[in-house]
Structures are given as C-alpha cells and as structure tokens.
Amino acid sequence: MTKHFLTCLLVLSLSPAWAQLHKDYSPTAYPDRLILGWQGNPATSQSVNWRTDSTVTTAVGAIAEADPSPDFVNSASVVAATTERVVLDGKAVRYHSVHFKNLKPGTQYSYRVGDGTHWSEWFPFKTAQDRPAPFSFLYFGDAQNDIRSLWSRAIRGAYSTLPKANLMIHAGDLITTSNADWQWAEWFEAGGWINGMVPTLATPGNHEYFKDEQGKTQVSRHWRPSFVLPENGPKGLEETTYFFDYQGTRFISLNSQAALLDSTVLTAQADWLRQVLTNNPSRWTVVVHHHPIYSTKQGRDNNEWRERMEPIYKKMGVDLVLQGHDHTYGRGLNMPLGKSRKHPDGPIYVVSVSGPKMYDIGLQDWMDRAASNTQLYQTISIDGDRLSYQSYTVTGEKYDSFELIKNAKGQNTLADQAPALAPERLDLPAEYRQRYKPDQMEEYNNRFKSYKARKQAKKD
C-alpha cells in the first residue's frame, strides 16, 4: 500500500459527511461559463456573458452573419464589451458582457468572445422574428444537487429532444448553496456549449439567496455577474423580475423568494405585473417563478403568494405558469372537481424537477398528472392559436402532454393527452419509504387511493 494511497484514505476518513470532491474550476485568460441572454429586443439584439481570470481587463465580441464558408470571419464586426471585477470565494475574477445590437430579425449569426487574443470558439445563434411566428422552448425545474453527475443528463437530453429550441427557462434553485462557486461551475459545465447557442432565461429560487455580513438576505453574488437578463422590472429586482416578448408570446419572470421575504416586495411585484399584463400585445402569456401557486407536496403551500398572484393571473389572461421548488411533478388547474376542465378559467400550472433531489408527492386535488421520484424536462411549442406542451423523463419517455387551443376571444380549450400515455410514476423515493413510520405510510397510502379515485371519477 503506497504512502499516497494511505494519505488519500486519511483525508477521506477525516472529511465531514457533507464534503464533496469536485474539479478545479479556476478561470484562465480564455472565456468560460459563456451564456446567451437578452437585455434588448430578441429580434434585433443578442447579449453574451462569460468569465475569465483577473488578468483580462479588456474584452470584446466579434459577430458576422453566418455563412457556410469560413471566410465569414474576415467580415466580422468587433464590439466592445463591459467588464466587471468580482471577488468570489476570496478570488478575484472578471465577468464580461457584450450586447450585439441592430441585428436583422430572423437571421442566423456567428459570434465569438474574448480579449482579442484569447478567444472562444465561434458559436451560432438566430435572432427572433419581429412578428408572431412558431417557436419552441425548454423548461427545467430545480437542478440544485449533483449537478455535474446527474442534472447534466436533463439539459443534454432536453437539447437532444429539441435541438432547435429558441430559448431555455430555469425556474429557480439552479444550485443548492448560493455562493458556492464550484456548484455554479458544475451548472455551467452541465450545459456546456448549449448555453452558448440557446439563450437562457432564469428566475431565482430560495437557494439562490443568502444572508450577507449585515444579516440582509439577498440574491447570490453569482447571479448578476453570471447572466444577461432584462432589467425592466421593479427597482431592486433587476435581472430577477423582468419580461420580454418573443414572436407573439410575453414571458414574465417573478421573484417569489424576494416577495415571500418582504411583503412590500410582493406588493411591488403585483403592481408591476398588472401593468405588464395590461399593456400586453402578445397572444400568449407565460409566467415563471420558483414557489408554486399550488404545491405538489403536503405542508408547502404558499398562501400569501397565491392570494396575491392568482387573481391577477385569472383576470389578466395568463395561459401557463411554470414553477419549481417542490421536487416532484404536478400539472393541473384550479377548478372544482366535477366541473369540466376542458375550458380553463385560469392558467395551467406546472411544477417540475430536473435534478435528482426528490420529495414525497402530495397528490393534491388540483393535479391532473403527477410524478414522484422522476427527473424530467419539458418542451413547449407555440404556433398561432395552439400551445403544445410535453414533459419527458430524462431517459427520453414522454410522460405528460397537453394542448391549449385559443379562440378569437382569447379563451382556451384544453386537450389533455396524458390519459393515452404510460401510467403515472407515483412510488415514494426510497429514502421516504425507509424513514416513514407506519402511520405516515398509512396516510400516504390513503392519499394515493384518494388520488386514484379522483382520477377514475374524471374518466367516468
């Protein structure tokens, strides 16, 4: 047995239970953590964000219309980027952002970023149309844990299923420890070059928040340096509460964590949301936030959030609400049992989980489709008067599916396609089966039977 091996055994034996081994993610002069986003009109602009070590003090982006010939590089325009020095984990790094503007709608471009000497590879992107047109996007619930080893299969499987996705949406808790640089590094590594080709729109969850030295709770020190997101939300909520329009659909990100921590922030977001929905030229509206309006887990209701937001959703015609937080899957709407669900009087609510951390499922009355102990990703397509939604397991099986068809008055008809799919995956995660006491197991089994009975009643 070698001395090196004995040393490794000693280190492992002395490590605390929560310690995790991870790669060295130190930056260099070459761009890494490269990601697309928007701060302007998606039809005429594209923003890019990336990281380097602290030696890089000047950064640029180069862009040209895409061409099959490699000669396009000779006609690329160079655009100055902004640079920000940030201290994370006691180390100074640089984050850079470039905003490509005055682009042509519906046009493919190639770009790269760097300091003029140390460059990224050339990446493609395509600007949005400047009018309503068909498009598709990906939606992920919480990644949070084992990001490199297990969440990576979610984002890579999603891209394999929908390689022409126009954007990606993350509903919070991208990581589990707000300011842990290695966790952010794993999140960026899992997405890899996909992040450089498909714009990312993220909303923060509770795990993106921490208490600073003064005891004030605020969003992760990584959040704003890491992303380029719209800054059109309420003051103090820049790049966490925002909206943007894409080819006839208005996307709205809400910061539920900040709202639940401070009722004045909740009021400010509600007032802002009414304004954004009142002046809404888009046919479809999709809202994203972390905490669910209706939870999929027992005892995790967010009453204050629901009471303030759901009336606005119903009155102002929100079509789809995408959420996370509960580490199970649920899709449904708030309508009394016995009433036809074919004509929703409010949005369709979805709670999903893309990472491996799992909870026990509540099997609530609002849910029309549920899943337990299952990593999932979602593809959503919008084409004129039709919104098509599919949820897939990370092994590629279609797990949930529905369509919304919107009439001339803006009213939706729901076509639920889930009954034709495989039976629901509702087994408890192993850790819950092992630790549940007999009375807890009996209570869960009774909920399971009641849920099955409700589902059968809907069929009858």
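Data table
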item: Charge dipole magnitude, Cβ of K and R +1, D and E -1 - the chain, Cα centre, debye nearest 20; result: 900 debye
item: Too-long pairs where the Cα-Cα distance tops 18 Å, listed order kept, from LYS314/LYS406; LYS315/LYS406; LYS91/LYS235; result: LYS91/LYS235
item: Fraction of accessible area attributable to carbon and sulfur, the stretch 255-333 (%, probe 1.4 Å); result: 45 percent
item: Extent along principal axes [Cα atoms of the stretch 269-320; Å; largest to smallest]; result: 38, 19, 17
item: Solvent exposure of the chain as accessible area per residue, Å², 1.4 Å probe; result: 44 Å²
item: The chain, relative contact order [Cα under 8 Å, separation at least 6], %; result: 13 percent
item: Within the accessible area of the stretch 29-161 (1.4 Å probe), percent carbon and sulfur; result: 46 percent
item: Cross-link reach list, lysines versus LYS452, counting only Cα pairs under 17 Å and skipping chain neighbours closer than eight places; result: LYS297
item: Equivalent ellipsoid semi-axes - Cα gyration tensor, the stretch 56-153, angstrom; result: 27, 24, 14
item: Calculated SAXS-style log₁₀ I(q)/I(0) at q = 0.13, 0.19, 0.32 Å⁻¹ - the stretch 305-356, Debye, Cα scatterers; result: -0.35, -0.71, -1.24
item: When each of LYS126/LYS398; LYS126/LYS211; LYS101/LYS409 is checked by Cα-Cα distance, pairs over 30 Å; result: LYS126/LYS211; LYS101/LYS409
item: Fully extended contour minus Cα-Cα distance, from ALA80 to LYS104, at 0.36 nm per residue; result: 6.7 nm
item: Hull volume in cubic angstrom per residue (convex hull over the Cα atoms of the stretch 121-245); result: 120 Å³
item: With every protein chain in place, the stretch 381-460: carbon and sulfur % of accessible area (1.4 Å); result: 48 percent
item: Over the stretch 308-460: Kirkwood hydrodynamic radius from C-alpha pairwise inverse distances, Å; result: 16.5 Å
item: Helix-derived mean residue ellipticity, 222 nm - over the chain, DSSP H n ≥ 4, -39500 (n - 2.57), to 500; result: -6500 deg cm²/dmol
item: Segment THR161-ALA29, extension gain: residue separation times 0.36 nm, minus the distance between their alpha carbons; result: 44.1 nm
item: Over the stretch 213-359 - Rg/Rh using Cα atoms and the Kirkwood inverse-distance radius; result: 0.96
item: Pairs of alpha carbons in the chain whose separation is greater than 34 Å (percent); result: 35 percent
item: Those aspartates and glutamates that a straight Cα-Cα span of less than 19 Å connects to LYS104, excepting residues fewer than 8 apart in one chain; result: GLU65, ASP67, ASP130, ASP245
item: Debye intensity ratio in log₁₀ form over the Cα atoms of the stretch 276-374, taken at each q of 0.10, 0.19 Å⁻¹; result: -0.27, -0.92
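The values are calculated or read from the model by the stated rules, or taken from the named source; none is laboratory data. Given the structure is predicted, the values throughout are model-derived calculations rather than measurements. Every residue, glycine as well, gets a Cβ built from its backbone with ideal geometry; the counts of neighbours run over all protein chains shown. Side chains are part of the model used for accessible areas, which takes the heavy atoms of the whole protein and leaves out ligands, DNA and RNA. Shrake-Rupley method; radii C 1.70, N 1.55, O 1.52, S 1.80 Å.
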